[in-house]
Amino acid sequence: MRARRLLRDLAQVATPAGDGAPLRGAALGDVTVLEEAYVLWDGDRIDAVGRMADLPVLADDVEEVDGRGLCAIPGLVDCHTHAAFGGDRVEEFALRAAGAGYEELHARGGGILSTVRATRAAGADGLRAAVGRHARWMLAHGTTTFEGKSGYGLDRDTELASLRAIRDAGGIPTWLGAHAVPPEFENADAYLDFALAEVLPDAAQIAEAADVFLERGAFDAVQARRYLEACRDAGLALRLHGDQFTEQGAIPLAVELGARSVDHLEATGEDGVRALAASGVVGVLLPASALFLGRPMPPGRALVDAGAAVALATDFNPGSAFCESLPLVCSLAATQLRLSPAEALAACTVNAAHVLGRPDRGRLARGYRADVALLDAPDWRYLAYHLGGDVVARTIVGGELR
Ligand code: NIG
Ligand code: FE
């Protein structure tokens with residue numbers, strides 16, 4: 001029997017206003033806040049959200065959950081993680097702290113390629129355990145929907161095992177088949193010949209989207225186009241890692257191919273900001289990655305002011321952002337990107353859900369999936385305000401208390 005539950009006496013319920021996605025401009029910062037409020041759901045769908053004073057008389061089979069002292073916001077949506085990896089990069093982290101450069105370590109066969117070695121060694125069971133552990137970390141920080149990329153296998157078996165591990169942990173899999181060129185291939189073109197012929201047909205059965213690292217030292221714009229067009233023809237939605245260190249044409253390519261998003265944008269200049277704002281492509285901002293690498297922040301305020309649709313994500317991975325906390329990312333958005341707490345909330349709920357093709361998530365409103373993050377706070381803006389704090393008290397996923 002489906003459970004009807006009432007989360008009552010909440011200090012506040014806060015949700016991005018309106019309907020539809022992605023939000024941009026003034027709508028991005030429009031949050032509806034109800035004081036002394038409730039959320040009522042039936043099975044995995046929200047029935048009603050309102051003020052306690054307006055609560056209708058309910059049948060006595062409704063299970064009540066005490067929300068006193070808590071604020072409810074939509075379950076957070078992390079639309080960009082690299083959750084499928086073996087090993088760690090703590091040695092590299094210490095070397096970088098002592099002055100080594102991220103791109104320099106990568107060029108010497110460390111960086112991403114060292115995680116490729118560890119991920120291949122982990123095997124399917126090791127990957128399954130790793131993604132499960134990472135998904136629990138995310139949930140503890142309020143993330144009720146996550147995307148996970150492959151991209152540390154770069155051989156057929158490990159790429160497919162990564163995608164399955166993400167799917168089986170409840171994540172939304174993205175095939176990052178073009179993340180780096182593995183050492184057994186002469187060059188990027190030879191690797192892409194293999195990946196598109198031998199991996200794509202099966203990857204497309206598991207993944208929902210494809211992603212490429214368009215950057216010097218990784219894949220150039222011609223190679224990225226070839227990869228993305230083949231993936232699009234196989235039915236996958238398109239994403240790009242673009243403008244992380246240098247502008248290599250990621251935004252024009254994303255716009256031309258109708259990609260869901262371009263992610264990173266730390267190096268995006270004024271023309272890129274304008275082009276993205278004039279398009280339907282979402283700019284995914286990853287300030288934890290910029291912070292972790294000591295890089296310039298992406299131009300978040302300029303993008304929002306120009307009218308671009310933006311999302312926020314962690315970029316959780318072992319090398320450039322060992323951080324699974326979207327609340328921390330919201331703090332960085334407010335302090336480093338100059339987004340308001342309201343803009344940050346919409347960016348990691350309804351807009352992130354749009355990037356993932358999940359229009360039923362990201363708001364607390366009738367008909368949406370009953371995914372909730374409960375904040376241990378008197379005001380929902382503690383989400384961004386409590387820097388590094390333990391702000392998420394508990395979560396509700398598909399109507400179930402976790
Ligand atoms: O999004 N930039 C490319 N890929 C990842 C980092 C991967 C790694 O360092 O392991 C990113 O930052
Ligand atoms: Fe990434």
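By the Cα gyration tensor, the range 261-402 has an equivalent ellipsoid whose semi-axes, rounded to whole angstrom, run 25, 18, 13 from largest to smallest. Taking packing as the residue-averaged number of other Cβ atoms within 10 angstrom, the listed peptides 296-306, 25-35, 164-174 run from highest to lowest as 164-174, 296-306, 25-35. The label-point distance for V62 and R4, in a model that sets each label 7 Å from Cα toward Cβ, rounds to 0.7 nm. Residues of the range 73-108 falling in the label zone of R117, defined by backbone nitrogen less than 16 Å from a point 7 Å along Cα to beta-carbon, are 86-93, 95, 105-108. How many angstrom lie between the C-alpha centres of the range 20-70 and the range 309-341? Result: 26 Å between the Cα centres. Using the alpha carbons alone, the radius of gyration of the range 174-254 stands to its Kirkwood radius in an Rg to Rh ratio of 0.94. Between the alpha-carbon centers of the range 203-229 and the range 360-392, tell me the distance in whole angstrom. Here the two parts' Cα centres lie 33 Å apart. Percent antiparallel among DSSP beta bridges with both residues in the chain, to the nearest 5? Percentage antiparallel, nearest 5: 45. Beta bridges assigned by DSSP with both partners in the range 1-84 are antiparallel in approximately 75 percent of cases.
Highest mean packing first, where packing is the average number of other Cβ atoms within 10 Å per residue, the peptides 48-58, 179-189, 3-13 line up as 3-13, 179-189, 48-58. What's the local net charge at A290, with K and R +1, D and E -1, over the other residues with C-beta under 10 Å away? Neighbour charge sum, excluding A290 itself: -1.
Normalised by 2.2 N^0.38 Å, where N is the number of residues, the C-alpha radius of gyration of the range 54-187 stands at 1.40. Can you tell me what percent of all Cα-Cα pairs in the chain are more than 37 Å apart? Of all Cα-Cα pairs in the chain, 19 percent lie more than 37 Å apart. Quick one: grab the alpha carbon gyration tensor of the range 94-170, order the square roots of its eigenvalues as a ≥ b ≥ c, and give me rounded if a/c is under 1.5, else prolate or oblate depending on whether a/b is larger than b/c. Note, shape of the range 94-170 comes out oblate. Each Lys and Arg contributes +1 and each Asp and Glu -1, all at the Cβ; summed about the Cα centre of the chain, the dipole is approximately 320 debye. Assuming charge only on the beta carbon of Lys and Arg (+1) and of Asp and Glu (-1), the dipole of the range 108-196 about its Cα centre is about 480 debye to the nearest 20. The calculated FRET efficiency for R338 paired with D390, based on their beta-carbon distance and R0 = 30 Å, is about 0.75.
First select every other residue whose beta carbon is under 13 angstrom from the beta carbon of G18; then total the charges, Lys and Arg +1, Asp and Glu -1. In short, 0.
Rule-based calculations on the coordinates, nothing more; no lab input. Everything numeric here is computed off the predicted structure, so don't read it as measured data. Every residue, glycine as well, gets a Cβ built from its backbone with ideal geometry; the counts of neighbours run over all protein chains shown.
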